[in-house]
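Quick one: structure below, then a few questions.
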Amino acid sequence: MTLRHYFSEFTTVQWAAVGTVTAAALLPLLANATDNSFYISFVSRVMIVAIAVSSLNLLVGYGAMVSFGHAAYFGMGAYAVLMVAQAAGPLLPEWARTMWVAWPLAMLAAGTLALLVGLVSVRVEQVYFIMITLGFGQMVYYLAIGLEVFGSDNGMPLPSRASTGIPGFSLASDTQLYFVVLVLCVLVHLGLRMLVHSRFGLIYRGVAVNEERMRAIGFPVLRYRLAAFVIAGAFAGLAGALMAEQNRYVAPHLLEWTMSGELLVTVILGGAGHVAGGIYGTVVMLGLKELLSAYTPYWHAVIGVLIIALVYFGNNGIAGLERQWTRWRTEREWRLSRNLRDQAKTGAAL
Amino acid sequence: MTILVLEQLLNGLQLGLMLFMLAAGLTLIFGIMDFVNLAHGTLYMVGGFMAVVFVSLTGSYLAALPLAVVATAIVGALLDRLLLHRLYGHNHLRQVLATFALILIFNDLFKFIFGPQTLMLEVPAALASPVHIWGKFHYSAYRLMVIGVGVAVALLLGLLLTRTRIGMWIRAGASDREMARAMGVNIERTFTLVFALGAALCGLAGALLGPLLSVHVGMGESIIILAFVVVVIGGSGSVKGALLGALAVGMLDTLGRALLPQAMRQLWPGLSTDSLAPALAAILTYALMVAVLFWRPQGLFKTS
Amino acid sequence: MSAATSLEVRGLVKRYGGIVATDHVDLTVNVGEIHALIGPNGAGKTTLVHQLAGSLEPDAGRILFEGTDITRMPQYKRVMAGVARSHQITSLFNSCAALHNVLLALLARKGSGFRFSGSPFNDTALIYEGMNLLDEIGLRGHEGSFAAALSHGQKRRLELALALASRPRLLLLDEPLAGMGSSDTEAMVELISSLRERAAVVLVEHDMDAVFRLADRITVLAQGKVIACDTPEAIRNSATVREAYLGEDGMQA
């Protein structure tokens, strides 16, 4: 298919996405020009959290696995960056502190943790899965606050941000980090989209719809669940690493169960089961927090009320409004397959 | 040394019984209404604060205690009737979200009413001095009372469930909702009753532990997770399981916290165990839950 | 009818608390045979099917498929080995289109599921095969309908299609005709009959007309035990069998 043909198939939503990314790319220039550089780090943070939320979306929205301990992988990524930063020099070569090494290491660490937890957890029934992931999350939290080498209760500052290995390009500048985060955020979400429509994605979502039947069809169901759990954990770890760099600080607060709860709420708010759900939810959640905290110290309660409203009246979060354009499968998918089916009917395909 | 161990054993018993009060309500709510109530810790907090309020109103802790329990039960009943009953038996995710929201709301509400500072609840003068148990072993009279109340509650709860008509309704609702409804049991009223009962137990625990652990916003958050661990270990819907699980967790947690640092210092002298040991003790508890879930996913005493 | 054995069950036992649901059951099914499994309610037919399919583990005994011992083999592996089942209570992917249902079943056979790029809906060959399968079971024209929206008969047919997708050599059909009207039943019976060419079939059914039309041999189960295994004629005339069904409808000679 030619590129022109491809782009002519873009739906409204996809054009809106392109527009948003372009706007986001232009933001730092605007913000710096108007002396509002605060927004750069704010939007950066939004994108980072969106990655974490979307990783949870993979589990909750597409796999019906409600993990109440996802903050553990978020935090693991952050602490991994801290560990690498401390070890680079004495234990590890200096180049371990570049983003090309440190961040994949963080993903590896988080993914490995997810593997260990997942091996035990994915075989457990739905409601107990919530509790067992909560328990594991707490374990990691207590371990983190127990270790003085990582600053116990208070956490620890990160001496400096990761180096890029590219001369002239330094993450010390908020703007430069912003662009890296933007690229990663876009890539992660494109990857998510590809994943959920891929063969793996279809099988994994099938498991969420009817697990028993998938087994009876011949799929080793647990393997798919575990794979998704590890992938989600690894990307939460990436978000954690980015957060550590952004804040230049790593605190156990990232690991609290309340953080896990917030991630969960954000997924539902934004629309579980929609690729952009994580982004919508994070924008609203963090935006609300900013706005509300300017007006009242009791903004937690306001968010609480919002959540209750969402639970009782909401159908599918913000992305649910998008439902006219997006369904279980995108229109494009269906249109393409219809063409194929017509071809198949006439025997022309083969 | 023995005195230390004895003291910790009694402390563990006390924690276990208080955990039981939280877990019993939680397990009944989970077993009967199929409802995951994260806000259970909030009800515990309500109990603590109500005790403070009533002590300042009546001047007497012993008078404030039953009042605090009743007040918390009322709060629980209201939450059930006005908000939560629609989520029973449904999507667990929604329940988790809604009760998580309640935690946020109540925390801010109480911060607004009482301020963010920790409130002190005085141990009643009559129980302030330690009691001589045997030999050189003294133990806080107040803690003994707490243990006593805990044991009494456990016995009463057992009697309530097995010997009374209300208890029969509750157990009927637990095993088969539709059948119970068909037999004329008013299910909605039973649910409210169960929720209020759970709330009352939380309130009692909160009021009892207030003088020991101090009353502050968010005091329920650490203990609620422990209570969930107990419910998972004991099996949903099983009060007996909740008791055994609570005692096990209470002992494990207390003894772990007290003895583990010493044990670790023996093995690795020089290791700074101040912050690590409590962490490990806590981890032990979660490890226990994970082990139970793995080996027996339905808990030790799952009701059918 | 070839004499090659497809399925051999030896001394299968399954206990539930105090009840023996499967009581030392022996069973042999030959290649190209339709072997019916009948018996009064509670005889343990579905329990047996579960054990043959792999969703339930027997307490004792052996199950051999084409000579291989599959007794401890997990369910999904058995499907890969060539054993597939359809469910008594329809179990479909209700929120998905019929074609989507079939595609999922086909994917199980098509190499690794761990491919993270490229949508199966763009796979021409796969779609072609899915459409053919739907054609075969008579759901042409309904490939885009959500499974939940299909009629009962169509759902039962889709249920069968999912089992057929893995090209099994042994089919375990658990009451495929349940709840079907007469025209649906007719079509289904024809379909099942045609399966003889490619798979051995174990057919659990209550519809005695269909059973006697389709079965090459019949095994009768009562209270977990095999009380008879013979040709349809012999079963029809058996006093033992009639006794087991005393009080049950359906044993019209």
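The values are calculated or read from the model by the stated rules, or taken from the named source; none is laboratory data. Only a predicted model underlies this, so the values are computations on that prediction, with no experimental measurement involved. Neighbour counts run over all protein chains shown; Cβ positions are idealised from the backbone, glycine included.
Do the conditions hold for A:Leu113, that is, is it over 20 Å from A:Gly233 (Cα atoms), more than 10 Å from chain B (Cβ to nearest Cβ), under 20 Å from the mean Cα position of the chain (by Cα) and surrounded by 21 or more Cβ atoms within 10 Å (Cβ to Cβ)?
no
May I pose another question? Of all residues in the stretch C:69-85, which are part of a strand (DSSP E or B) and either under 16 Å from C:Leu12 (Cα atoms) or at the interface with chain A (Cβ under 8 Å from one of its Cβ atoms) (or both)? Talk me through it step by step, then tell me what you get.
As a first pass, look at the stretch C:69-85 and keep what is part of a strand (DSSP E or B): C:69, C:83-85.
Of everything in the stretch C:69-85, those that are part of a strand (DSSP E or B) and either under 16 Å from C:Leu12 (Cα atoms) or at the interface with chain A (Cβ under 8 Å from one of its Cβ atoms) (or both) turn out to be C:Asp69, C:Ala84, C:Arg85.
Testing A:Ala272 on (1) crowded, with 24+ Cβ neighbours inside 10 Å; (2) in a helix (DSSP H, G or I), one condition comes back false. Which one is that?
(2)
Out of the residues in the stretch A:124-134 that are of a type outside the set (A, V, I, L, M, F, W, C) and buried (at least 17 other Cβ atoms within 10 Å of the Cβ), state the one that is farthest from the other protein chains (Cβ to nearest Cβ).
Here is the first cut: in the stretch A:124-134, the ones of a type outside the set (A, V, I, L, M, F, W, C) are A:125-126, A:128, A:133.
Going one step further and asking which of them are buried (at least 17 other Cβ atoms within 10 Å of the Cβ), we end up with A:128, A:133.
Working: A:Tyr128: 6, A:Thr133: 10 Å.
So, considering only residues that are of a type outside the set (A, V, I, L, M, F, W, C) and buried (at least 17 other Cβ atoms within 10 Å of the Cβ), the one farthest from the other protein chains (Cβ to nearest Cβ) is A:Thr133.
Related question: Take the residues in the stretch C:50-82 that are hydrophobic (A, V, I, L, M, F, W, C), out of contact with any Ser or Thr (no Cβ under 9 Å at 6 or more places or on another chain) and under 23 Å from C:Glu175 (Cα atoms), then tell me which one is surrounded by the most Cβ atoms within 10 Å (Cβ to Cβ).
So the first thing to find is which residues in the stretch C:50-82 are hydrophobic (A, V, I, L, M, F, W, C), and the list is C:52-53, C:56, C:60, C:63-65, C:70, C:73, C:79-81.
Going one step further and asking which of them are out of contact with any Ser or Thr (no Cβ under 9 Å at 6 or more places or on another chain), we end up with C:52-53, C:60, C:70, C:73.
Keeping just the survivors that are under 23 Å from C:Glu175 (Cα atoms) gives C:52-53.
Details: C:Leu52: 25, C:Ala53: 23.
In this case the residue turns out to be C:Leu52.
Which condition number does A:Phe229 fail, the rest of (1) part of a loop (DSSP other than H, G, I, E, B); (2) of a type in the set (Phe, Trp, Tyr); (3) at pLDDT 95 or above being met?
(1)
Continuing with this model, one more query. For the stretch C:86-117, how many residues are facing chain A (nearest Cβ under 8 Å), assigned to a loop (DSSP other than H, G, I, E, B) and within 19 Å of C:Ala149 (Cα to Cα)?
Residues meeting the conditions: 7.
Taking the options A:Gly201, A:Gly233, A:Gly191, A:Gly270, name whichever one is within 14 Å of A:Tyr62 (Cβ to Cβ) and away from chain C (no Cβ under 14 Å). Let's see the steps before the verdict.
Working: A:Gly201 fails: away from chain C (no Cβ under 14 Å); A:Gly233 fails: within 14 Å of A:Tyr62 (Cβ to Cβ); A:Gly191 fails: away from chain C (no Cβ under 14 Å).
It is A:Gly270.
Looking at the stretch A:146-174, which of the residues that are among the hydroxyl-bearing types (Ser, Thr, Tyr), more than 11 Å from chain B (Cβ to nearest Cβ) and under 19 Å from A:Gln86 (Cβ atoms) is surrounded by the most Cβ atoms within 10 Å (Cβ to Cβ)?
Of everything passing the filter in the stretch A:146-174, A:Ser163 is surrounded by the most Cβ atoms within 10 Å (Cβ to Cβ).
Select from the stretch A:204-220 the residues that are surrounded by 23 or more Cβ atoms within 10 Å (Cβ to Cβ) and more than 7 Å from chain C (Cβ to nearest Cβ) and write down the one among them that is nearest to C:Gly82 (Cα to Cα).
Filtering the stretch A:204-220 for residues that are surrounded by 23 or more Cβ atoms within 10 Å (Cβ to Cβ) and more than 7 Å from chain C (Cβ to nearest Cβ), the one nearest to C:Gly82 (Cα to Cα) comes out as A:Met214.
Applying the selection to the stretch A:166-193, what residues are over 20 Å from A:Ala239 (Cβ atoms) and free of Cβ contacts under 8 Å to residues at least 12 places away in the same chain?
A:Ile166, A:Pro167, A:Gly168, A:Phe169, A:Ser170, A:Ser173 - these are the residues of the stretch A:166-193 that are over 20 Å from A:Ala239 (Cβ atoms) and free of Cβ contacts under 8 Å to residues at least 12 places away in the same chain.
Next up: Could you tell me which of the residues C:Asp207, C:Asp216 is farther than 29 Å from C:Arg109 by Cα and out of contact with any strand residue (DSSP E or B) (no Cβ under 9 Å at 6 or more places or on another chain)?
Values: C:Asp216 fails: out of contact with any strand residue (DSSP E or B) (no Cβ under 9 Å at 6 or more places or on another chain).
Among C:Asp207, C:Asp216, only C:Asp207 is farther than 29 Å from C:Arg109 by Cα and out of contact with any strand residue (DSSP E or B) (no Cβ under 9 Å at 6 or more places or on another chain).
Here's the yes/no breakdown for (1) part of a loop (DSSP other than H, G, I, E, B); (2) within 18 Å of the chain's Cα centre (by Cα); (3) closer than 15 Å to C:Arg217 by Cα; (4) not hydroxyl-bearing (Ser, Thr, Tyr):
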site: C:Glu8; (1), (2), (3), (4): no, yes, yes, yes
site: C:Val13; (1), (2), (3), (4): no, no, no, yes
site: C:Asp23; (1), (2), (3), (4): no, no, no, yes
site: C:Gly32; (1), (2), (3), (4): yes, yes, yes, yes
